[in-house]
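Accompanying notes for the structure given below.
Laboratory data are not the source of any read-out in this text; all were calculated from the coordinates shown. A quick note: this is a predicted structure, and the numbers were derived from the prediction, not measured. Methodologically, a virtual Cβ is constructed for each residue, glycine included, from the backbone with ideal geometry; neighbour enumeration extends over all protein chains shown.
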């Protein structure tokens, strides 16, 4: 899978201040740190930056390209800023993102075509975000039609079923997984898939966020996820990715992750009985699976039950 | 052809049975069902849903005239109001200590003690005491209420995320029931139950108030939260298995459909009839979503809702 580092994000105070002060050192360290931790691409979320979008994105791209040649994902709703970044990117860039709203498509798709960039297509319309996997796929189909119209090769489209937080939108989680699978099976040609992983645990208790992220990622990988925007500094998350990638079954936790991955890959119900519930690590994974499958209701203290 | 087999749900869970009252006071059991509301064929409903009537500690000055006239002079004193509520068929008296609200009198523990004591002496029905929904004031008046009613197993609310420790301690010390209130949010509803049990409250001493909107004011969202809580309980999730209370009258009578006698289109029809329909339909809808206690204000809606419960409790 392709690991896209999420840490250069305007929500982070350090990043915000670095943008304001044009502090190259901070951004470079953040970029290099993520690459060294295993990120193969870097997401640059600069926010809308209504006034200075193009300048900020240009500065950001230049700054990062001075220290790494990792490809970049340009993450803003500001089309002018995206274009400024695309002009400077030395390697094939990613546009993050478009929805199915006609005005967003009309801005983003021509840019993707002109600069031969990849583009993330979110399953969202101007009317909102559906729950069901079917409705998500319908939106993707519309976005594919738009891409064809604007001359964007389908190979450049990354389908993002839009992960929602389990705290408040729990019913979305299984549908997001289903949509990921369906995008591979139903759509012809099948699409590349991507997701913003940390959304799943947004608003969850800090202690529970990492396990929600990594268990959800294993499930999504089983369903056919090709890439994810995530926190490469999260060692346990990167370890889970490694376990799946290497099929490392040398530890009980590794065997549990692999069993979960395999059950999602073969579309068979996961059998929780393979876990040793006396081991807190494994029992936490099982509790998390039940929450992510929407079988037990999420509560902040779900791991303590 | 073989006879048609009606498919049955097999539930593994059951709603907790909670007892209010006792120790000289009339006892009432709520909850205990092992099926969705009124679906007698899938499980048992040992206790029918009940109707509570709301009484306030001070005469309400902002009630619409058609609600005031249903009660008359009785509204002046909580004890006369409570007695009349018994005549009108209340199963439970809900005493709302509204005057403790900083903007409605800011009364404190001693006034609360007095009001609770008067209602306790006036009627022998189970009592639920609700604070003014301002956390610090809730703590003050509910702790006082808990002490006065020691051993009589009254309900105490609002017990919310901010003050649950105080209310839980007061319930445990005096043998009462916590009314755990959350803002139409299923995850917080479950979390508050977990927190309450973690500090030592027994699950069968908790009633949930998942909060409701009135008919036309987001009731469908409440219904979906209540249904999911109930489905989870029947599916075996013990931390959602608390019976539910819906504070119906409080929501209904602040909406223009129930309040206004003037300034609304003539096509809305008779205002008294409309108000009662609004309260009755809100209550009936929430009973269908799993409410075990509905709290009402107008005697006529009490009568209608009790009649509806009666009919729905008949096994066919």
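How much of the DSSP bridge set in chain A is antiparallel, in percent, rounded to the nearest 5? Counting DSSP beta bridges with both partners in chain A, the antiparallel share is about 5 percent.
Quick one: divide the alpha-carbon radius of gyration of region A:20-64 by 2.2 N^0.38 Å and tell me what you get. Could the numbers behind the result be given before it?
On the way: Rg = 11.1 Å, N = 45, 2.2 N^0.38 = 9.3 Å.
Taking N as the residue count of region A:20-64, the ratio is 1.19.
May I ask for the angle, rounded to the nearest 10°, between helix A:24-36 and the longest principal axis of chain A, with both axes built from Cα atoms and the value confined to 0 to 90°? Tilt of helix A:24-36: around 40 degrees.
Averaged over peptide B:235-242, how many Cβ atoms belonging to another chain are found within 10 Å of each residue's Cβ?
On the way: counts 3, 2, 6, 1, 6, 3, 0, 0.
Whole-number average of other-chain Cβ neighbours for B:235-242 is 3.
Over region B:21-312, with a single point scatterer placed on each C-alpha, what log10 of the ratio I(q)/I(0) does the Debye formula yield at q = 0.10 1/Å? Result of the Debye calculation: -0.49.
Each of B:40, B:77 was scored by other Cβ atoms within 10 Å of its Cβ. Listed from fewest to most, they are B:40, B:77.
Projecting label points 7 angstrom from Cα along Cα→Cβ for residue A:186 and residue B:76 puts them 6.8 nm apart. Rounded to the nearest angstrom and listed largest first, the equivalent-ellipsoid semi-axes of region B:227-280 from its Cα gyration tensor are 37, 10, 8. Between residue A:50 and residue B:300, the distance separating the two model label sites (each 7 Å from Cα on the Cα→Cβ line) works out to 5.3 nm.
Note the direction-averaged projected area, equal to a quarter of the hull surface, for the Cα convex hull of region A:189-294, in nm².
Working: hull surface 28.3 nm².
With the hull built on Cα positions only, its mean projection is 7.1 nm².
If R0 is 22 Å, the Cβ-Cβ spacing of residue A:248 and residue A:207 corresponds to a FRET efficiency of close to 0.30.
Arrange the following residues from fewest to most other Cβ atoms within 10 Å of their Cβ: B:11, B:253. Could you put the intermediate results ahead of the total?
On the way: B:11 17, B:253 23.
Sorted ascending by nearby Cβ count, the order is B:11, B:253.
Averaged over peptide A:294-305, the number of partner chain Cβ atoms lying within 10 Å of each residue's Cβ comes to 6. In chain A, the longest principal axis of the Cα atoms and the axis of helix A:280-292 are about 60 degrees apart.
Kirkwood analysis of the protein assembly as shown, using all unique Cα-Cα pairs, places the hydrodynamic radius at 27.5 Å. Ordering A:115, A:261 by the number of other Cβ atoms within 10 Å of each residue's own Cβ, fewest first, gives A:115, A:261.
Structure remark: mean-square fluctuation, Gaussian network model of chain A, C-alpha springs under 10 Å; the largest value among A:277, A:30, A:124 belongs to A:277. Within region A:1-34, name every residue whose backbone N is under 12 Å away from a label modeled 7 Å from Cα of residue A:67 along the Cβ vector. Within reach of a label on residue A:67: A:8, A:23-34.
Rg and Dmax over the alpha-carbon atoms of region B:241-316 stand at 13.6, 45 Å.
Top mean-square fluctuation among B:292, B:91, B:42, Gaussian network model of chain B, C-alpha springs under 10 Å? Among B:292, B:91, B:42, the largest GNM mean-square fluctuation belongs to B:42.
Given R₀ = 30 Å, FRET efficiency for residue A:262-residue B:227 by Cβ-Cβ distance, to 0.05? Calculated transfer efficiency: 0.30.
Counts of other chain beta carbons within 10 angstrom of each beta carbon in peptide B:190-196 average 4.
Could you calculate the FRET efficiency of residue A:149 with residue A:127 from 1/(1 + (r/R0)^6), where r is the beta carbon distance between them and R0 is 22 Å, rounded to 0.05?
0.60
Note that region A:2-232, at 20 °C in a medium of 1.002 mPa s, gets a Stokes-Einstein diffusion coefficient of 121 µm²/s from its Kirkwood radius over C-alpha pairs. Against the compact-protein benchmark of 2.2 N^0.38 Å, the Cα-based radius of gyration of region A:1-111 scales to 1.00. Looking only at A:133, A:145, A:223, which one moves most when chain A is put into a Gaussian network model with springs between Cα atoms under 10 Å? It is A:145. For the pair residue A:91 and residue A:134, the difference between a 0.36 nm per residue extended length and the Cα-Cα distance amounts to 12.0 nm. Extension gain, residue B:217 to residue B:169: 0.36 nm times the residue separation minus the Cα-Cα distance gives 13.8 nm.
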